[in-house]
Structures are given as structure tokens and as C-alpha cells.
Amino acid sequence: MPQTGIWSGYKMFIREYQASDCKEMAELFYNTVHTVNAKDYSREQLDAWAAGQVDLKKWDQSFQEHFTIVAVDDGIIAGFGDIDKTGYLDRLFVHSEYQGKGIAAAICNRLEAAVQMNIITHASITAKPFFEKRGYKVLKEQRVERQGILLTNFVMVKER
């Protein structure tokens, strides 16, 4: 069921994922990583994290298997997120032009409400403060390898 809301002058709605969203979500992912995360990661790390070529079939399958929602503004996907049935919050990305408008919080509220157990996420350096404000605690800092490049992120939990 779509949820409508007003965020800082934007009229948006949040709805469940549709397979036709996948390509636009992959583009949003690439552009968000390369703009929003650029203050915390090197160009080499950004390119390894988001090379610009995701397997759309695998992404669609993952989104279909998870509870996945998108925030839409005038036909444009402004953000998306997904969580699996074990409570793993996999992805949460907001378009660079929609940052700071409460969209990530609105998406996260819906994702968190979809499960009853503790929620685990692997937060980027950039996203860590957002999750901390929501009551997530750092379990550990880790380095993950993508295409031979190490990236720092944080395993975080929100206990229920």
C-alpha cells in the first residue's frame, strides 16, 4: 500500500519494489555512491564499490526476495531500501539531490517495521552517523574487499 508524505516541500510516496524499477535503482546506487560517499572514500574505492555495471538480473532477484521499497517523487525514484527476513538491512540509498529531506528515515522506518527481530546492517563511513541516530550500535569495524580494493564499513545492530 503506498504511503504518501510531505518531505521539505516534496510530495512523495513510498511503495513496494517492482521489477521495472531495477535499472533506475542501479543508476541511483552508482550516482549516490560516487557523489554522497566521495567525502569518505577515495576514487579508487568508489569505483570498486560501484563500478557502474551491476547484474540487473541478480539485483532484481535479490529485491524480489527481500522486502524492498522505493520512494518516488514525480515519477523519479528518490531512494530505495531493502531488508531480508532475517533482519539484514541490505541496501539503503537516497538520490544525491534528495539528501537531508528525511527520505532515508522514512524508508528505514518501513524496513524496520517489516521485521520483529534485531536488525543488522553493514554501514558505510558515510551512513554510520545516520544509523547511530536511529539507535544502531557498532559491533565491529571491518574492511571488505571489492575488486582487490579494501573498503571500511561497520557491522551495526539495532536491538529489539
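Which value, in debye to the nearest 20, describes the size of the charge dipole of the chain about its Cα centre when Lys and Arg Cβ atoms bear +1, Asp and Glu Cβ atoms bear -1, and nothing else is charged?
Values: 20 positive and 21 negative charges, 104 e Å.
Value, rounded to 20: 500 debye.
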Bins of 5 Å, starting at 0 and running to the largest distance - Cα pair percent for the chain: 2, 9, 18, 22, 23, 18, 7, 2, 0
Per DSSP helix of 4 or more residues, -39500 (n - 2.57); summed, then divided by the residues of the chain. What does that give at 222 nm, rounded to the nearest 500? -9000 deg cm²/dmol
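Considering every Cα-Cα pair within segment 89-158, what fraction, in whole percent, is farther apart than 16 Å? Don't skip to the answer; put the middle values down first.
Working: 1213 of 2415 pairs.
Considering segment 89-158, 50 percent of its Cα-Cα pairs are separated by more than 16 Å.
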Listed residue (76, 122, 96) projecting farthest to the positive dipole end of the chain, Cβ model: 122
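Every number here is computed from the coordinates shown, using simple stated rules; none is lab data. What you are looking at is a predicted structure, and each value in this text was computed from that prediction instead of being measured. A quick note on method: Cβ atoms are made from the backbone with ideal geometry, for glycine too, and the neighbour counts reach across all protein chains shown.
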